[in-house]
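Only the coordinates and a few stated rules stand behind these numbers; no lab work does. Worth saying up front: this structure is predicted, and the values here are computed from it rather than measured. Positions of Cβ are generated from backbone atoms using ideal geometry, with glycine treated the same way; all protein chains shown enter the neighbour counts.
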């Protein structure tokens with residue numbers, strides 16, 4: 001009888017562990033180990049031996065970290081300048097990204113408008129996210145380059161001089177990079193916010209209408225507070241992606257050597273090109289710490305605002 005019961009009720013728990021184990025194996029091999037090695041490399045100095053192709057490795061302690069926060073020949077701290085460039089470009093792109101994303105999400109989920117074809121528009125909004133960032137940057141470079149159509153048009157209109165270069169200009173270069181990031185991630189942000197709004201129980205909105213609440217009150221007192229968890233997730237993931245900004249800025253302004261668009265990951269890449277794994281590892285560790293601190297600050301500040309409002 002016991003054998004028959006075991007056959008009728010087989011245990012599938014082991015298959016769950018097997019499927020979960022695959023994720024941990026991949027994570028351990030391709031994420032955890034590289035992270036540990038990066039931290040390890042940050043405490044060593046990699047020096048090329050003159051006249052050979054070999055590299056001499058020696059323990060440096062905190063030397064690499066001290067170097068990052070030392071002033072260079074130009075008198076500035078390079079890692080702080082790159083971090084400042086990264087944050088500025090991210091903010092220029094994320095503010096319209098969140099604003100327009102929320103606006104479009106509210107329009108397409110409005111019970112009054114009841115727009116049709118939302119599935120089609122979701123696909124259209126998300127399509128730029130499927131384009132490779134390098135290809136997108138190459139397109140913008142061709143459009144706004146010194147021989148591009150926009151440069152020619154602006155020169156003919158007399159808005160800019162013939163010698164003006166969008167890519168080398170500090171303000172325009174940052175705007176173009178932020179604009180590309182906005183186009184690429186706008187659809188993803190919109191879809192997530194739409195999902196968050198649609199996840200709110202309709203009975204809450206119906207109760208508000210019965211009580212005579214206006215659309216503005218429903219938005220500020222119901223929709224936005226209940227949408228806060230999704231909005232916080234979108235904002236923090238956007239910040240993490242923004243701090244890791246590389247491909248768009250590298251393709252668009254890498255050859256122009258525009259220091260106003262040099263991001264912190266571009267700094268890491270420059271160290272890796274010359275085989276300076278110690279400095280690259282130190283910058284990576286600092287970037288990880290900064291990302292963790294900013295994420296915690298944003299998460300706690302938004303939660304405090306929500307608690308004070310309640």
Check your understanding: In percent, what relative contact order does the chain have, based on Cα pairs under 8 Å that are 6 or more apart in sequence?
Key -> 27
Check your understanding: Of the listed peptides 227-234, 184-191, what is their order by residue-averaged count of other C-beta atoms within 10 Å, with the highest listed first?
Key -> 184-191, 227-234
Point to revise | Shape category assigned to the stretch 13-92 from the gyration tensor of Cα positions, a/c cut at 1.5 | key: oblate
Review point. What does the helix-only formula give at 222 nm for the chain: each DSSP H stretch with n ≥ 4 adding -39500 (n - 2.57), the total divided by the residues, and the result rounded to the nearest 500 deg cm²/dmol?
Key: -22500 deg cm²/dmol
Practice item. Round to the nearest 0.05 the FRET efficiency obtained for residue 161 and residue 124 when R0 = 35 Å and r is the Cβ-Cβ distance. Key: 0.40
Exercise for review: Please order 286, 155, 94 by the number of other Cβ within 10 Å, starting at the fewest.
Suggested key: 155, 286, 94
Review point. In the calculated pair distance distribution of the stretch 70-309, what percentage of Cα-Cα distances lie above 35 Å?
Key: 28
Point to revise | Packing-based ranking, highest mean first, of 116-124, 270-278, 69-77 given that Cβ atoms within 10 Å are counted | key: 270-278, 116-124, 69-77
Check your understanding: Between the stretch 168-239 and the stretch 63-88, what's the alpha-carbon centroid distance in Å?
Key -> 34
Study note, to complete from the structure: A chain fully extended from residue 150 to residue 12 at 0.36 nm per residue, minus the present Cα-Cα distance, gains in nm 43.5 nm
